[in-house]
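In what follows, a single structure is set out as structure tokens and then discussed.
The values are calculated or read from the model by the stated rules, or taken from the named source; none is laboratory data. No experiment lies behind these values; they were computed from the predicted model shown. Glycine gets a Cβ as well: all are built from the backbone with ideal geometry, and neighbour counts include every protein chain shown. Calculation scope for accessible area: heavy atoms of the full protein, side chains included, ligands and nucleic acids excluded. Shrake-Rupley method; radii C 1.70, N 1.55, O 1.52, S 1.80 Å.
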Amino acid sequence: MKQTRREFLSTATAGSAGLFLTSMALPAKMTPKAGFDLRIYATRWGFKGTMDAFCKAAKEEGYDGIEDWFPNTKADEEALYEALDKYDLRFGALTGSWGSSFKEHYNAYVKNLQNVISKKPDFINCHTGKDYFSFQESKQLMAFAIEESKSFGIPVYQETHRGRILFAPHICKDFIDDLPELKLTLDISHWCAVAESLLADQKEAVAKALNRTSHIHSRIGHEEGAQVPEPRAPEWKRAVDAHFSWWDKVVERKKEAGEVLTMTTEFGPANYMWTMPYTRQPLSDQWGINVHMMHQWKKRYL
């Protein structure tokens with residue numbers, strides 16, 4: 001009997017999920033030091049609905065909190081905190097900088113970061129600067145964030161993101177060497193796309209980044225892009241295994257140190273999510289993939 005496209009995708013996803021779960025090697029078990037905790041956040045990116053509906057869905061799935069750009073209006077800010085209180089969720093904030101020049105980026109970054117850090121979220125994840133800024137320009141932005149983090153006692157992380165300062169491992173390495181207090185949000189999927197590889201030839205730079213990572217975006221990239229269409233499909237096993245091997249090292253370090261590690265499941269909607277030509281129908285379920293990643297992390301690390 002002929003299957004519809006939806007039936008085929010459902011069958012393929014179910015079958016490949018079982019293969020993925022049984023074939024991925026688990027890390028060695030270890031007893032974490034007191035203080036270790038793994039907190040998993042849901043991304044609002046791609047969610048079509050109110051803040052209340054998003055927080056309700058995140059709570060029902062078993063997330064510890066949410067990550068979202070900090071609201072631009074008082075009404076949205078009130079809606080955020082009302083929903084967080086209602087569903088007993090944590091909050092990690094996104095902020096960044098925009099503009100056509102370094103000066104505009106710097107002014108925007110100072111304003112945005114000072115506003116967000118005063119609200120005392122769990123952490124702040126930054127989309128900072130541009131990939132074409134000079135080292136000294138970029139260093140000014142990061143140094144400002146480090147000082148604000150120390151002053152307020154709120155973790156501030158710089159994300160390894162295309163188009164931003166830390167767009168590639170060799171660039172990130174230079175900042176790590178120069179800024180001993182620099183802390184990262186590791187979204188290593190971006191580096192796979194930039195380097196057109198799974199980074200086997202940049203082990204030193206990757207190792208240094210893993211040692212500075214305190215927050216992770218658990219999207220899985222590949223040699224030609226920052227997001228595989230379906231991580232449960234067997235054809236992406238090599239990329240999935242590579243990412244978990246990196247994450248294993250971060251989790252192990254946090255367990256040994258007795259420190260908190262936060263993670264956001266961040267598979268995105270179109271155009272990150274692959275779609276059918278013309279109809280732009282997504283090839284996979286973004287929300288379902290992110291929930292799958294949350295459960296994989298809990299099974300693997302808790």
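Under 6 Å between Cβ atoms, at least 6 apart or on separate chains: pull out the pairs that start in segment 155-176 with a residue that is over 15 Å from His127 (Cβ atoms) and end on any residue that is of a type in the set (Lys, Arg).
Every condition considered, the pairs that remain are Lys173/Lys208; Ile176/Lys208; Ile176/Arg212.
Tell me yes or no: at least one residue of segment 234-243 is buried (at least 18 other Cβ atoms within 10 Å of the Cβ) and in a loop (DSSP other than H, G, I, E, B).
no
Is one or more of the residues making up segment 204-218 free of Cβ contacts under 8 Å to residues at least 40 places away in the same chain, out of contact with any strand residue (DSSP E or B) (no Cβ under 7 Å at 6 or more places or on another chain), more than 18 Å from Lys183 (Cβ to Cβ) and not charged (D, E, K, R)?
no
Residue-wise test of (1) modelled with pLDDT of 95 or more; (2) open to solvent by 10 Å² or more (accessible area, probe 1.4 Å); (3) over 27 Å from Ala28 (Cα atoms).
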| residue | (1), (2), (3) |
| --- | --- |
| Thr160 | yes, no, yes |
| Lys173 | yes, yes, yes |
| Ser189 | yes, no, no |
| Lys208 | yes, yes, no |
| His217 | yes, no, no |
| Arg232 | yes, yes, no |
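In segment 16-31, what residues are part of a helix (DSSP H, G or I), open to solvent by less than 60 Å² (accessible area, probe 1.4 Å) and either touching a helix residue (DSSP H, G or I) at 6+ places or on another chain (Cβ under 9 Å) or at pLDDT 50 or above (or both)?
Ser16, Ala17, Phe20, Ser23
So for segment 143-153 (the condition being touching a residue at least 40 places away in the same chain (Cβ under 8 Å) and either open to solvent by 70 Å² or more (accessible area, probe 1.4 Å) or of a type outside the set (Lys, Arg) (or both)), does at least one residue qualify?
no
Could you grab me the full set of residues in segment 98-125 that are in contact with a Gly (Cβ under 6 Å, 6 or more places away or on another chain) and under 17 Å from Phe175 (Cβ atoms)?
His105, the sole residue that qualifies.
From (1) in contact with a helix residue (DSSP H, G or I) (Cβ under 9 Å, 6 or more places away or on another chain); (2) surrounded by fewer than 19 Cβ atoms within 10 Å (Cβ to Cβ); (3) not hydroxyl-bearing (Ser, Thr, Tyr), pick out the condition that doesn't hold for Leu182.
Evaluating Leu182 over (1) in contact with a helix residue (DSSP H, G or I) (Cβ under 9 Å, 6 or more places away or on another chain); (2) surrounded by fewer than 19 Cβ atoms within 10 Å (Cβ to Cβ); (3) not hydroxyl-bearing (Ser, Thr, Tyr) leaves (2) as the failure.
Would it be correct to say that Asp88 is open to solvent by 20 Å² or more (accessible area, probe 1.4 Å) and within 18 Å of the chain's Cα centre (by Cα)?
The answer is no for Asp88.
Hey, does segment 259-268 have a residue that's among the acidic types (Asp, Glu), assigned to a loop (DSSP other than H, G, I, E, B), at pLDDT 95 or above and loosely packed, with under 15 Cβ neighbours inside 10 Å?
The answer is yes, given that some residue of segment 259-268 is among the acidic types (Asp, Glu), assigned to a loop (DSSP other than H, G, I, E, B), at pLDDT 95 or above and loosely packed, with under 15 Cβ neighbours inside 10 Å.
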